[in-house]
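The values are calculated or read from the model by the stated rules, or taken from the named source; none is laboratory data. These figures come from a predicted structure and were not determined experimentally. Here the Cβ positions follow ideal geometry from the backbone for every residue, glycine too, while neighbour counts run over all protein chains shown.
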Amino acid sequence: MNSSRTRAIRSAPSWRLPLTIHIVSLALAFAVLMYLARHIWFIYDEWEFLAGRIVTGNLQVFTPHNEHWSTIPLLIDKGLFSAFGARTHVPYMATLIILHLGIATALWAIMRRAGADPVVIALLTLLFLFLGAGHDSILWASQIGFNCSVLFGLIQLVLVDHDKRFGLRDVGGWVAGTLALMSSGIGLPMLAAAAVAALLRRGWRGMIVTASVPAVVYAWWLIAVGYRALGSDHISLTEALHLPVYIWMGLTTSLDGATGMVGAGAVLLLGLLAWALTRGWPLRRELVVPLSAAAGSIALFALIGLARLAVIGAVVPARYVYIAIALLLPLAVVALSSATRRGPLVRWGVAALIALMLIQGAGVLRQQAGGWRATSEASRQRILGAAQLIATGQPVVGGLPDPGGAPNLTTDELRSMVAHGQIRGEAPPTAAAALEVAALMQVSLGPGAGMAADPSRATLATVAGARLARLGPGCVLLMPDSPTAHVDVQVSGPAEVSLTPDRAASLTAEVRPRDGDLAAPVRLSDDAPAGAAAYLQVTNPALRVTVVIPTNLAVCGVQT
């Protein structure tokens, strides 16, 4: 009985234990990442879809986001917003993390197919799951599109890795490749990786067949719609000549970030290149996908350099590091597995080194989660505070509830979300935060008049460091005697005051409670022409607005 049981255990498929370990790793990663991201909220580009398209009902599903074809992430956000609105960020973050786990699973499958060491696979998969250097794609839900492109691209890469005649796998590859392109521009280097794999397995004809349908679909989109997003800034000849340098820098910087060791990237990249040239040839079937994926990482930075080098300069954002590591990881695992076969000492040394990199990466990820949490929490307070003002019916004049954290969200769009119950307003937790919300939503300083002036509502409460002369009913001229000259404006109801300097001058103001020392700056809604009138609008009588007097300033619409 015992001997037969032992034979049964020994004959069990070798993939069961590695698969079990992988599933446990995914469950652990999901729980840890959701915990780290529990307080992260909508921030930056996330509002471009939610506010600019979904709330307005003008989806424009084929219109690019920046230069990216973004139909798939837009539809995902549309579905999530229809179900959850902006009442919670958890479903959006869960979607991002699930895509991240899907990419890790696709990489795990690729590494298994390549015959790599199960221990090395498990450790490097964990390293990828907690890749602090790629935190954008793990903690910022705006990266759903990039993650979709990587996931669909890896699926296509696996599907086209065969030497049979054209069949259903190739049709599936077309579908996956097209979906990758419909998710973001990252689908282009992913398609390049799949084309290289088909070239290595089936020659030029296989490569053309693999790339044909996705390339034609993308070309149609680019000609019909996508050309509108092509930037007018083209890289110069000097920048083009530096493209190989940027590719090298992108690859080495990504490896530096993944290992946590500055300078290690160059050593590892040269080591991978040497290993591929000496051990990878003649080409073995199991090395096709790892080598093709690595080629995709080169295509990635070539594309970024051509499209955005003039904008980003010598910078490698975390979202690109994430993609580069995903594409380099299969080849790195195969190369490390080859090293571990030299003996148990080497194997344990490699395992210990990867474990140290894992600890470092997880620490960076935790730190970055804190940064994302702090940034998005400040934005959350501003937007939910503005939503509460709107819900209570208080008059507002601010055009943007949070110009820094949500530049695509307008007051009208927020008002629509409040009316449809898609967001819940909350009072800011501190007096300083409440004052900032008031400065954004109940005070406006810009070139356009928005309401009829009523001098009975606005008063010049204090004039300091300046002389005053009457110009006519409701108008005075303020002439500064010191660099710190200023005037305090108070209102008894919604009011508008015009401010006209006698020469070109930048007008600035601060908002304070009537009785208090806290202060918040008033953001200009637009740049007024030199020397032209600016209009100060205030709707909250509990505020006083301090305007700096830079030069002779005509003030109209006030009691004196």
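In the condition set (1) touching a residue at least 12 places away in the same chain (Cβ under 8 Å); (2) more than 21 Å from Phe146 (Cα to Cα); (3) more than 19 Å from the chain's Cα centre (by Cα), Leu19 is compliant with all but (1). Is it true that Val150 is assigned by TED's automatic domain parsing to the domain that holds Phe81, out of contact with any helix residue (DSSP H, G or I) (no Cβ under 8 Å at 6 or more places or on another chain) and modelled with pLDDT of 95 or more? Here the answer is no, as Val150 does not meet what is asked. When Val175, Val158, Val171 are checked against the criterion of being over 28 Å from Tyr44 (Cα atoms) and in contact (Cβ under 8 Å) with a residue 60 or more places away in the chain, Val158 stands alone in meeting it.
Residue-by-condition table, conditions (1) buried (at least 21 other Cβ atoms within 10 Å of the Cβ); (2) more than 16 Å from Met111 (Cβ to Cβ); (3) modelled with pLDDT under 90:
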residue: Ile247; (1), (2), (3): no, yes, no
residue: Ser297; (1), (2), (3): yes, no, no
residue: Phe301; (1), (2), (3): yes, yes, no
residue: Ile304; (1), (2), (3): yes, yes, yes
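Inspect region 168-182 for any residue being over 24 Å from Leu99 (Cα atoms), assigned by TED's automatic domain parsing to the domain that holds His68 and over 27 Å from the mean Cα position of the chain (by Cα) and give the result as yes or no. The answer is yes; a qualifying residue exists. Restricting attention to region 178-199, the residues being out of contact with any Leu (no Cβ under 8 Å at 6 or more places or on another chain), farther than 18 Å from Leu329 by Cα and in a helix (DSSP H, G or I) number 5.
A search for C-beta distances below 6 Å between a residue of region 212-225 that is closer than 17 Å to Met190 by Cα and not assigned by TED's automatic domain parsing to the domain that holds Val160 and any residue that is among the acidic types (Asp, Glu) and assigned to a helix (DSSP H, G or I), counting only pairs 6+ apart in sequence or on different chains, returns nothing.
Test Gly203 against the stated conditions and say whether it is of a type outside the set (A, V, I, L, M), free of Cβ contacts under 8 Å to residues at least 24 places away in the same chain and surrounded by fewer than 24 Cβ atoms within 10 Å (Cβ to Cβ). Step through it out loud before you land on a result.
Numbers: of a type outside the set (A, V, I, L, M): yes; free of Cβ contacts under 8 Å to residues at least 24 places away in the same chain: yes; surrounded by fewer than 24 Cβ atoms within 10 Å (Cβ to Cβ): yes.
In short, yes.
Among residues of region 260-284 being under 21 Å from Ala318 (Cα atoms) and surrounded by 12 or more Cβ atoms within 10 Å (Cβ to Cβ), the one that is nearest to the chain's Cα centre (by Cα) is Gly260. Say whether the condition of being in contact with a Phe, Trp or Tyr (Cβ under 7 Å, 6 or more places away or on another chain) and touching a residue at least 12 places away in the same chain (Cβ under 8 Å) is met by at least one residue in region 432-446. Yes, that holds for at least one residue. Which of the residues belonging to region 51-78 are without any contact (Cβ under 8 Å) to a residue 40 or more places away in the chain and in contact with a Lys or Arg (Cβ under 9 Å, 6 or more places away or on another chain)? Hits for region 51-78 are Arg53, Ile54, Leu59, Gln60, Val61, Leu74, Lys78. Tally the residues that are polar (S, T, N, Q), modelled with pLDDT of 90 or more and not in a strand (DSSP E or B), restricting the search to region 433-487. Matching residues across region 433-487 total 3. On inspection, Leu59 qualifies as closer than 15 Å to Met182 by Cβ and at pLDDT below 90.
If you check Arg503, Arg523, Arg514 for being over 23 Å from Gly448 (Cβ atoms) and basic (Lys, Arg), only one passes: Arg514. When Leu107, Leu157 are checked against the criterion of being in the same structural domain as Leu199 (by TED's automatic domain parsing), more than 24 Å from Leu365 (Cβ to Cβ) and crowded, with 22+ Cβ neighbours inside 10 Å, Leu157 stands alone in meeting it.
If you check Leu389, Leu440, Leu435 for being within 21 Å of Ser492 (Cα to Cα) and out of contact with any Pro (no Cβ under 8 Å at 6 or more places or on another chain), only one passes: Leu389. Scanning region 409-424 for residues that are surrounded by fewer than 18 Cβ atoms within 10 Å (Cβ to Cβ) and either of a type in the set (Ser, Thr, Tyr) or part of a loop (DSSP other than H, G, I, E, B) (or both) gives Ser416, His420, Gly421, Arg424. If you check Ala369, Ala362, Ala387, Ala374 for being hydrophobic (A, V, I, L, M, F, W, C) and within 23 Å of Arg53 (Cα to Cα), only one passes: Ala387.
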